[in-house]
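The block underneath contains the structure these notes are about, expressed in structure tokens.
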Amino acid sequence: MELLDINTWKRKQHYEHFRALKDPYFGVTIPFDLTKAYQFAKAHGVSFFGKYLHDCMKAMNTVDELKLRIVNDDVVAYDVINASATLMRSDLTFGFSYIEFDEDLHQFLANIEAEKSRIESTGALYPDRNDLQCIHCSALPWLNFSGHKEPVSGHLESVPKLAFSKIDKKENNSMVMNVAINVNHALVDGYHVGLFSEKFQHYLNK
């Protein structure tokens with residue numbers, strides 16, 4: 001973790017402008033081709049959700065701006081960002097997870113399974129670990145949405161928020177999923193979201 005010197009930061013004016021706004025978040029919804037990711041998951045007998053979430057987190061961790069957080073009056077840069085995903089229980093409620101990122105897919109999948117078991121057995125809404133070194137994300141596999149709005153707390157927030165839509169199967173057998181991403185403009189610009197988008201699709205295709 002590193003503390004940024006805001007006074008020498010090239011985005012100092014942007015940061016101060018957007019931080020002063022009542023709602024500094026902006027959001028876009030981006031279509032991603034998950035055809036190869038789905039084929040990989042089926043061929044290797046692994047969770048499709050786990051596969052594309054892992055690709056998402058690999059992409060997140062390549063963009064420095066998506067690893068910035070506002071802590072009190074400071075801007076902190078984390079080395080690694082984890083996934084705080086909503087995971088559904090058998091009774092159709094959900095709990096917030098905290099899935100530690102690992103470059104190794106199988107270890108990441110094991111981390112997901114551990115959180116699934118904890119959420120199912122405890123009934124707790126919040127995870128044992130709950131900090132800003134993460135993204136907030138949720139899957140809505142029942143809805144093929146083209147737009148999305150996240151709840152806001154009314155307090156200063158800086159964690160990126162993502163939502164994954166239902167898979168849309170095309171006539172050519174390709175599979176497309178819309179992903180909504182909301183980020184704090186004090187820390188992240190459209191260019192950085194574009195970088196994430198390119199990297200995410202790159203990993204999905206591998």
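Numerical summary
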read-out: Within the stretch 97-119, considering residues that are within 18 Å of residue 61 (Cβ to Cβ) and aliphatic (A, V, I, L, M), the one surrounded by the fewest Cβ atoms within 10 Å (Cβ to Cβ); value: 105
read-out: Members of the stretch 130-139 found to be at pLDDT 95 or above and outside any strand (DSSP E or B), listed by number; value: 131, 132, 133
read-out: One residue from 195, 143, 187, 125 being part of a loop (DSSP other than H, G, I, E, B), touching a residue at least 12 places away in the same chain (Cβ under 8 Å) and closer than 28 Å to residue 2 by Cα; value: 187
read-out: Selection count, the stretch 146-173, where residues are outside any loop (DSSP other than H, G, I, E, B) and touching a residue at least 24 places away in the same chain (Cβ under 8 Å); value: 8
read-out: Every residue from the stretch 152-165 that is surrounded by fewer than 14 Cβ atoms within 10 Å (Cβ to Cβ) and touching a strand residue (DSSP E or B) at 6+ places or on another chain (Cβ under 9 Å); value: 152, 156
read-out: Residue 179 vs. criteria within 13 Å of the chain's Cα centre (by Cα) and assigned to a helix (DSSP H, G or I); value: no
read-out: Check on residue 102, touching a Phe, Trp or Tyr at 6+ places or on another chain (Cβ under 6 Å), free of Cβ contacts under 8 Å to residues at least 40 places away in the same chain, assigned to a loop (DSSP other than H, G, I, E, B) and more than 22 Å from residue 182 (Cα to Cα); value: yes
read-out: Breaking point among (1) farther than 23 Å from residue 189 by Cβ; (2) more than 13 Å from the chain's Cα centre (by Cα), for residue 85; value: (2)
read-out: Qualifying strands (runs of 3 or more DSSP E) (wholly inside the stretch 1-96; at least 1 residues being surrounded by 11 or more Cβ atoms within 10 Å (Cβ to Cβ), touching a residue at least 60 places away in the same chain (Cβ under 8 Å) and in contact with a Leu (Cβ under 8 Å, 6 or more places away or on another chain)); value: 25-33, 68-71, 74-77
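The values are calculated or read from the model by the stated rules, or taken from the named source; none is laboratory data. What you are looking at is a predicted structure, and each value in this text was computed from that prediction instead of being measured. No Cβ is skipped: glycine too gets one built from the backbone with ideal geometry, and neighbour counts run over all protein chains shown.
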